[in-house]
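Below is one structure, written out as C-alpha cells; the observations come after it.
The values are calculated or read from the model by the stated rules, or taken from the named source; none is laboratory data. Bear in mind that the values here come from a model prediction, so they are computed numbers and not experimental data. Cβ: placed from backbone, ideal geometry, glycine included. Neighbour counts: every protein chain shown.
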Amino acid sequence: MSAQLAPAVRGLLSPSVLSWLDKPTLGPFIDGSWRTARSDTLIDVIDPGTGLPVTAYAASSAEDVSDAVAAARRAFDDGRWSEQDPEAREQTLRHLADLLEKDAEVVAQLEALDTGKPLAEARLDIDEAIAVLRYYAGWATKVEGTVIPAPRRFFATSTREAIGVCAAITPWNYPLPILMYKLAPALAFGNTFVAKPSEQTVLSTAYFAQLCATAGIPDGVVNLVPGAGATGAALTATQGIDKIAFTGSTRTGQAVMRAAADTLTRVSLELGGKSPQLVFSDADLDAAIDGVMGGIWTNAGQVCVAGSRLIIDRRVHDEFVAELVSRTRRLNLGHGLAPATNLGPLVSAAQRDHVVSLVDQAVAAGANVEITAELPDDRGFFVAPTVVTGARPGQSIEQEEVFGPVLTVLPFDDEDHAIQLANGTDYGLASAVWSGSAARVHRVSRRLRAGTVWANTYGVFHPTLPFGGVKASGFGRELGSAAVDHYTELKTTVIDL
Ligand code: ADP
C-alpha cells in the first residue's frame, strides 16, 4: 500500500496509522503470511469523506480463495488449534483482545477513514469488538457435554466439537464488530477461519489479521481474502468449508444460500431490515425523540437495525416530528475524522446515489421530505438526514431498506393499527416500543415479528444478547450462548456396557 491522503485528512491521523497505511502488505493473508494476490483486479480504498482514493489492493482470485481454504483445512485437520487445551485457546484469545485494546485508537482511525463514520462511533465499534472477543474467549472453557439417559445397557454421551473451517462474509457498516461476532466463537471452540471483508472496508480486518499472528494464533487458523463479490462468490463455491456466516443484503444472502446448497455448507444469514420504532402517546416523548434519532442517524443510517420507520400515535405526530427535526438540525455533518462531526458521509458514491434516488421516488409519489442540513461539500458521499412524512404504507420508501439517513414517519390510530404497520414489511430484524405502560410494552412486544424488541431504548448490543432476524432478515442468532450451536457440532458416543 502507499497512502495518498488529502493533506487535511493526513493531519488528523496518528503516525502509527500513517506508517501502517504506507506498508505494502494489503492482500490475501494465508497460512500466517501476506501473499501477492494472483489477480490483476485492483480495488481502491476510498475515503468517503473526501471521495479520494487512499490506497489500493489486489482482489483475491478464486485460486487465492482456494489456497486460503486449504490452509484453514490443514490447520484444522492437524489439530494445531482445535486440539489445544481449551484453556490455552482462551489465553491466546485474551492476549489477542489485549493487543487489540493496545492498538484500539489505530484501528478506530482506520475504521473511521475507511467507512466514513465519526471517530467517536468507530471507537465504540472497536470497544465492542474487544468485548465480544473476551466474552467468547471465556466460552472456550465453559461448554460442557451431557450424559444421555439411553437404555441402561449403554453409556451414552453428547459432547460438543468444533465443526471445522468457518468462513465469514461481512459488510462495510461495522467491519470489525461483525467479523468478531463470527470469528470469536469460531476460534474459541477450535475452528479455523477464512474472512472475506467488504471490498469497501478492508483496513481494520487486515490490521486484525496481523494482530492474530502477533498474538500467537497458529499459522493457517485465521486467513483473509480481501476482494469484492466475485471473491465472496468464489468462497461460497469452494469445497472444504463447513460453515459460512454471512451479514449483508437479503439479495446477496440468497445467493450465498444457493451456492451453499451445492457444497452442503451450513449457513447463517443476518440480512437487511426495515425496523419500526413504535411511539405511543403515553411514552416519555423526550427520551423517545433521542431514541428515534439514535436509531436512524447513527452510522448515517447504514445499520442493519436502523430504526428507519417511526410509527407514531397520530395525536402526537406533529409535535414529535417538529421537535425531532429541530434536534436533528443541530447535528454536525462532516468528515468522520473531524473532531466536531457526529454524522458522517455514506460509504460510497453508489450508496449515496441509491439513497438519493429512493428519496426522489418518495417525493414523486407525493410524500413530504424534510432535509435537515446543508451538505459540507460536493466531493464526499454526504446525504443530509432526511425525514419523510405523508408516505403511504406500501410505498417503496416505507418498504425497502434504504441504508442511509432517511426516516419514514407513519401515523397510527390505535394499537392494532400500529402493530399492523410494524409487521407490514418483508423484514423482521429489530423493533422498538416506546410506552410508559408495562402492560402495553409486553402486549406489543409479543406481537412484533422481529428478532429483537427494545422497549424504551434502542440499539442495545452486548456480547450476551443473541441477535438475528426473522422473515427476509435471515435466520440464525449471533452473540450470546446462541453462537455455541453455530460453531460446534454434537457428537454422540454410545458405549456398550
Ligand atoms: P451490502 O449492500 O451491505 O454491501 P452485500 O450483500 O452486497 O451488502 O455485501 C455484503 C458482503 O457480501 C460483501 O462482503 C460483498 O463483497 C459480499 N458479496 C457480494 N456479492 C456476493 C456473492 N455473490 N457471493 C458472496 N458474497 C458476495
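Hey, can you tell me all the residues within the range 357-380 that are hydrophobic (A, V, I, L, M, F, W, C) and within 16 Å of the ligand (Cβ to nearest atom)?
At the first step, the residues of the range 357-380 found to be hydrophobic (A, V, I, L, M, F, W, C) are 358-359, 362-365, 367, 369, 371, 373, 375.
Selection gives L358 alone.
The rows are residues; the columns are (1) modelled with pLDDT under 95; (2) more than 25 Å from A283 (Cβ to Cβ); (3) polar (S, T, N, Q).
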{"position": "E401", "(1), (2), (3)": "no, yes, no"}
{"position": "V409", "(1), (2), (3)": "no, no, no"}
{"position": "N423", "(1), (2), (3)": "no, no, yes"}
{"position": "A450", "(1), (2), (3)": "no, no, no"}
{"position": "G459", "(1), (2), (3)": "no, no, no"}
{"position": "T464", "(1), (2), (3)": "no, yes, yes"}
{"position": "F475", "(1), (2), (3)": "no, yes, no"}
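Within the range 258-283, how many residues are surrounded by 18 or more Cβ atoms within 10 Å (Cβ to Cβ) and either more than 9 Å from the ligand (Cβ to nearest atom) or among the small types (G, A, S) (or both)?
Total satisfying the criteria: 17.
Assess whether T386 counts as being hydroxyl-bearing (S, T, Y), crowded, with 22+ Cβ neighbours inside 10 Å and either within 16 Å of the ligand (Cβ to nearest atom) or closer than 29 Å to V444 by Cα (or both).
Details: hydroxyl-bearing (S, T, Y): yes; crowded, with 22+ Cβ neighbours inside 10 Å: yes; either within 16 Å of the ligand (Cβ to nearest atom) or closer than 29 Å to V444 by Cα (or both): yes.
Against the criterion (hydroxyl-bearing (S, T, Y), crowded, with 22+ Cβ neighbours inside 10 Å and either within 16 Å of the ligand (Cβ to nearest atom) or closer than 29 Å to V444 by Cα (or both)), T386 qualifies.
Surrounded by fewer than 16 Cβ atoms within 10 Å (Cβ to Cβ) and among the basic types (K, R): is that true of R352 in this structure?
So R352 fails the test.
If A234 meets every condition in (1) within 20 Å of L26 (Cα to Cα); (2) within 14 Å of the ligand (Cβ to nearest atom); (3) in contact with a strand residue (DSSP E or B) (Cβ under 8 Å, 6 or more places away or on another chain); (4) aliphatic (A, V, I, L, M) apart from one, which number is that one?
(3)
Collect the residues in the range 220-231 that are part of a loop (DSSP other than H, G, I, E, B), within 9 Å of the ligand (Cβ to nearest atom) and among the aliphatic types (A, V, I, L, M), keeping them in residue-number order.
Within the range 220-231, the subset part of a loop (DSSP other than H, G, I, E, B) is 220-221, 225-228.
Narrowing the set further to residues that are within 9 Å of the ligand (Cβ to nearest atom) leaves 227-228.
Listed by number, the list holds a single entry, A228.
Report those helices (runs of 4 or more DSSP H) wholly inside the range 382-497 carrying at least 1 residues which are out of contact with any Phe, Trp or Tyr (no Cβ under 9 Å at 6 or more places or on another chain) and over 30 Å from R329 (Cα atoms).
On the way: elements: 396-399, 415-422, 438-447, 482-487.
Those helices (runs of 4 or more DSSP H) span 415-422, 438-447, 482-487.
Taking L52, is it closer than 27 Å to T231 by Cα, touching a Leu at 6+ places or on another chain (Cβ under 8 Å) and surrounded by fewer than 16 Cβ atoms within 10 Å (Cβ to Cβ)?
Working: closer than 27 Å to T231 by Cα: yes; touching a Leu at 6+ places or on another chain (Cβ under 8 Å): yes; surrounded by fewer than 16 Cβ atoms within 10 Å (Cβ to Cβ): yes.
Yes, satisfied.
Here is a list: L93, L124, L119, L113. Which entry is modelled with pLDDT of 95 or more and closer than 18 Å to C212 by Cα? Talk me through it step by step, then tell me what you get.
Numbers: L124 fails: closer than 18 Å to C212 by Cα; L119 fails: closer than 18 Å to C212 by Cα; L113 fails: closer than 18 Å to C212 by Cα.
Residue meeting the stated conditions: L93.
Okay, residues lined up against (1) of a type in the set (A, V, I, L, M, F, W, C); (2) without any contact (Cβ under 8 Å) to a residue 24 or more places away in the chain; (3) closer than 30 Å to I495 by Cα:
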residue	(1), (2), (3)
R160	no, no, yes
W172	yes, no, no
M180	yes, no, no
F189	yes, no, yes
P197	no, no, no
F208	yes, no, no
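Does E401 satisfy the criteria of being of a type in the set (D, E, K, R) and crowded, with 20+ Cβ neighbours inside 10 Å?
On the way: of a type in the set (D, E, K, R): yes; crowded, with 20+ Cβ neighbours inside 10 Å: yes.
Spelling it out, E401 is indeed of a type in the set (D, E, K, R) and crowded, with 20+ Cβ neighbours inside 10 Å.
Hey, could you check the range 455-497 for residues that are aromatic (F, W, Y) and touching a helix residue (DSSP H, G or I) at 6+ places or on another chain (Cβ under 9 Å) and say which is nearest to K142 (Cα to Cα)? Talk me through it step by step, then tell me what you get.
So in the range 455-497, the residues aromatic (F, W, Y) come out as 458, 461, 467, 475, 487.
In the following step, the residues that additionally are touching a helix residue (DSSP H, G or I) at 6+ places or on another chain (Cβ under 9 Å) were identified as 458, 461, 467, 487.
Working: Y458: 30, F461: 22, F467: 21, Y487: 14 Å.
Top of the filtered list is Y487.
Out of everything in the range 159-210 that is within 13 Å of the ligand (Cβ to nearest atom) and out of contact with any helix residue (DSSP H, G or I) (no Cβ under 8 Å at 6 or more places or on another chain), what residue ends up being farthest from S66 (Cα to Cα)? Give the derivation first.
Pass one, the range 159-210, residues within 13 Å of the ligand (Cβ to nearest atom): 167-175, 178-179, 182, 194-202, 205.
Retained after the next criterion (residues that are out of contact with any helix residue (DSSP H, G or I) (no Cβ under 8 Å at 6 or more places or on another chain)): 178, 182.
On the way: I178: 23, K182: 20 Å.
Here the residue is I178.
A156 - would you say it is more than 16 Å from the ligand (Cβ to nearest atom), aliphatic (A, V, I, L, M) and part of a strand (DSSP E or B)? Spell out the reasoning first.
Working: more than 16 Å from the ligand (Cβ to nearest atom): yes; aliphatic (A, V, I, L, M): yes; part of a strand (DSSP E or B): yes.
Yes, satisfied.
Conditions first: (1) away from the ligand (no atom under 16 Å from the Cβ); (2) of a type outside the set (F, W, Y); (3) surrounded by fewer than 22 Cβ atoms within 10 Å (Cβ to Cβ). A288 passes all but one, so which condition is the exception?
With respect to (1) away from the ligand (no atom under 16 Å from the Cβ); (2) of a type outside the set (F, W, Y); (3) surrounded by fewer than 22 Cβ atoms within 10 Å (Cβ to Cβ), A288 is out only on (3).
Got at least one residue in the range 246-253 being of a type in the set (F, W, Y), in contact with a Gly (Cβ under 9 Å, 6 or more places away or on another chain) and either within 15 Å of the ligand (Cβ to nearest atom) or at pLDDT 95 or above (or both)?
Quick first cut of the range 246-253, residues of a type in the set (F, W, Y) only: 246.
Then drop every residue that is not in contact with a Gly (Cβ under 9 Å, 6 or more places away or on another chain), which leaves 246.
Restricting the remaining residues to those that are either within 15 Å of the ligand (Cβ to nearest atom) or at pLDDT 95 or above (or both) gives 246.
Within the range 246-253, one or more residues are of a type in the set (F, W, Y), in contact with a Gly (Cβ under 9 Å, 6 or more places away or on another chain) and either within 15 Å of the ligand (Cβ to nearest atom) or at pLDDT 95 or above (or both).
Evaluate the range 392-406: report whether one residue or more is under 21 Å from V292 (Cα atoms) and among the basic types (K, R).
Yes, some residue in the range 392-406 is under 21 Å from V292 (Cα atoms) and among the basic types (K, R).
So is A213 modelled with pLDDT of 95 or more, within 16 Å of the ligand (Cβ to nearest atom), surrounded by fewer than 24 Cβ atoms within 10 Å (Cβ to Cβ) and under 16 Å from A72 (Cβ atoms) or not? Working first, answer last.
On the way: modelled with pLDDT of 95 or more: yes; within 16 Å of the ligand (Cβ to nearest atom): no; surrounded by fewer than 24 Cβ atoms within 10 Å (Cβ to Cβ): yes; under 16 Å from A72 (Cβ atoms): yes.
No, not satisfied.
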